[in-house]
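Worksheet: one structure, shown below.
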Amino acid sequence: MSTPPTMLDDTYDPGPRVDARALWAGGLATALVAALIALVGILICRWLFKIPILAPSHEGAWGDANTGYYVLVAAAIALVATGLMHLLLLATPAPTTFFAWIIGLATLAAVVFPFSTNAPLSQKAATAVVDLIIGVAIGSLISSVAARAVRRPRRRAYPPPGDRAYPPPAGRTYPPPADRTYPPPADRTQPLPPNRDYPPRQYPPSRTPGDDGY
């Protein structure tokens with residue numbers, strides 16, 4: 001039979017627990033933020049700086065269907081990043097470190113990719129800046145959400161067997177298990193604790209031969 005941990009036992013550590021509801025709620029909020037960054041970034045580039053990214057300039061400030069695809073892809077990437085963080089929290093010893101490297105490299109690829117196209121340099125640079133902002137936002141927000149979604153249990157304390165004081169009084173520590181002595185269950189010869197007495201027992205009167213046919 002194993003002995004439960006004592007008040008000062010440091011070996012009881014069930015490990016952190018991931019609050020999936022909080023994590024995915026934060027992931028949905030991050031997806032919304034990423035979509036808005038993509039939409040606002042396209043609007044600023046096309047309307048304010050007159051850089052026609054993702055669509056010809058005659059399509060106006062909002063562009064064409066490519067704008068909607070870009071916004072949806074940004075939101076989908078945020079959800080994929082949330083799932084990746086959830087997996088890393090459950091399976092790896094340093095989830096935030098691995099997540100930072102993965103998101104960092106993915107963002108770098110998204111920033112470099114526009115320069116491999118045949119678009120003008122201004123459009124390449126504008127698209128790369130928007131991609132960079134989206135990647136940084138997704139990485140920072142998901143990391144912050146994951147830090148709050150991990151519940152680390154408080155160290156639980158158990159009173160020693162036979163001691164009803166929990167928690168112990170101030171200035172008192174429980175002795176280690178090896179130093180405790182307890183009377184056997186059937187042994188009533190041990191001295192009673194102070195201010196304590198067994199309840200009196202009621203015994204039937206003595207019977208003599210001949211009573212009630214005995």
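Would you please put 134-143, 52-61 in order of how densely packed they are, using the mean number of other Cβ atoms within 10 angstrom per residue and starting with the highest?
134-143, 52-61
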Exercise for review: Specify which residue in the list 38, 139, 127 is farthest towards the positive end of the charge dipole of the stretch 12-162, using unit charges on the beta carbon of Lys, Arg (+1) and Asp, Glu (-1), about the Cα centre.
Suggested key: 139
Study note, to complete from the structure: Given backbone amide H placed at 1.01 Å from N, residues whose amide H is under 5 Å from that of residue 18, ignoring those fewer than 5 places away on the same chain, are 151
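Please work out how much length the chain gains when fully extended from residue 87 to residue 152, using 0.36 nm per residue of separation minus the C-alpha to C-alpha distance, in nm with one decimal.
Residue separation times 0.36 nm, minus the Cα-Cα distance, leaves 21.7 nm.
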Practice item. List, in order, the whole-Hz ³J(HN,Hα) value for each residue of the stretch 24-29 obtained from phi through the Karplus relation with A = 6.51, B = -1.76, C = 1.60 and θ = phi - 60°; use x for Gly and Pro. Key: 6, 5, x, x, 5, 5
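So if we plug the beta-carbon distance of residue 43 and residue 17 into 1/(1 + (r/R0)^6) with R0 = 45 Å, what FRET efficiency do we get, rounded to 0.05? Could you put the intermediate results ahead of the total?
Values: r = 42 Å, r/R0 = 0.93.
Result of the calculation: an efficiency of 0.60.
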**Study point:** Distance between modelled label sites at residue 50 and residue 118, nm, 7 Å Cα→Cβ extension
**Key:** 2.6
Check your understanding: How do 30, 67 rank when sorted from fewest to most other Cβ atoms within 10 Å of their own Cβ?
Key -> 67, 30
Review point. Hey, what do the phi angles of the stretch 37-52 turn into as Karplus ³J(HN,Hα) couplings, whole Hz, using 6.51/-1.76/1.60 and θ = phi - 60°, x for Gly and Pro?
Key: 4, 4, 5, 5, x, 5, 4, 5, 5, 7, 8, 7, 9, 6, 10, x
Review point. Sorted from fewest to most neighbouring beta carbons within 10 Å, what does the list 101, 62 look like?
Key: 101, 62
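Quick note: the coordinates plus some simple rules give every number you see, no bench work behind them. Everything numeric here is computed off the predicted structure, so don't read it as measured data. Ideal geometry is used to build each Cβ from the backbone, glycine not excepted, and the neighbour counts take in all protein chains shown.
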